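Take a look at the structure set out below.
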Amino acid sequence: SQTIHQWPATLVQPVGSPLSLECTVEGTSNPNLYWYRQAAGRGLQLLFYSVGIGQISSEVPQNLSASRPQDRQFILSSKKLLLSDSGFYLCAWSVATAGGLSLSYEQYFGPGTRLTVT
Amino acid sequence: AQSVTQLGSHVSVSEGALVLLRCNYSSSVPPYLFWYVQYPNQGLQLLLKYTSAATLVKGINGFEAEFKKSETSFHLTKPSAHMSDAAEYFCAVTAYTGRRALTFGSGTRLQVQP
């Protein structure tokens, strides 16, 4: 079965410090990978998605970046954190599957990282 | 482009009562629709999905949803609420296009009163 890991689980960082959040997926190959941010009391905002190694699409221009150095590893980074970067960061994966004539794009989420920028 | 509107950011029901969480979507192509549940400080868990097969979709924990194209709706229901259903619920949409990403609604927090 497939599992998705995120670490760290919680993080408190001062403004201006760097950030590195890691996500890894087990039990599948060539997954689509996604980074979302969930601010307090708000929905999910897609930050980045990747369909393969080194292929990153950015949804929101900001001081965050993402990289995919290996097939099942997705990293979210920042050189200098802002207060507004605080939130709950979720990694997700998906595979386009063929079930008869249907294709489904459901995503499976990791446990998340709670980031507080002080 | 796709979008999702969830009516009601907070819904409160009594234990044993019907749960109805509303979701309306907008999509220029036939959509795939999903409902996710999120418990505090956890990731999202897939409840059910609609992928152009049966319009009435059954999911986990006794939830189901009906796809109504004429109403562009995908409401989530459960006949009898349980205390453990208290959580936040998200409706999401995608389409078979190159973007391959889900667009989420803003979420509905379900409270279950004893």
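The values are calculated or read from the model by the stated rules, or taken from the named source; none is laboratory data. Note that this is a predicted model, so its numbers are computed, not measured. Note that we place each Cβ from the backbone using ideal geometry, even for glycine, and neighbour counts take in every protein chain shown.
So is B:S14 exposed (fewer than 14 other Cβ atoms within 10 Å of the Cβ), of a type in the set (S, T, Y) and modelled with pLDDT under 95 or not?
Here the answer is no, as B:S14 does not meet what is asked.
Tell me the strands (runs of 3 or more DSSP E) entirely within region A:22-96 that contain at least 3 residues that are on the phi > 0 side of the Ramachandran plot and more than 14 Å from chain B (Cβ to nearest Cβ).
Counting at least 3 such residues, we get no strands (runs of 3 or more DSSP E) at all.
Out of A:A92, A:A39, A:A9, I need the residue that is touching a strand residue (DSSP E or B) at 6+ places or on another chain (Cβ under 9 Å), in contact (Cβ under 8 Å) with a residue 60 or more places away in the chain and surrounded by fewer than 16 Cβ atoms within 10 Å (Cβ to Cβ). Which one?
Just one listed residue meets the conditions, A:A9.
Here are some residues: B:P30, B:P40. Which one is at pLDDT below 90 and within 30 Å of A:P8 (Cβ to Cβ)?
It is B:P40.
Taking the residues in region B:49-71 that are away from chain A (no Cβ under 13 Å), free of Cβ contacts under 8 Å to residues at least 24 places away in the same chain and outside any loop (DSSP other than H, G, I, E, B) as candidates, determine which candidate is farthest from B:Y25 (Cα to Cα).
Looking at residues that are away from chain A (no Cβ under 13 Å), free of Cβ contacts under 8 Å to residues at least 24 places away in the same chain and outside any loop (DSSP other than H, G, I, E, B), I get B:G62.
Output the residues belonging to region B:2-48 that are in contact (Cβ under 8 Å) with a residue 60 or more places away in the chain and assigned to a loop (DSSP other than H, G, I, E, B).
B:Q2, B:G8, B:S9, B:E15, B:G16, B:A17, B:L18, B:S27, B:S28, B:V29, B:P30
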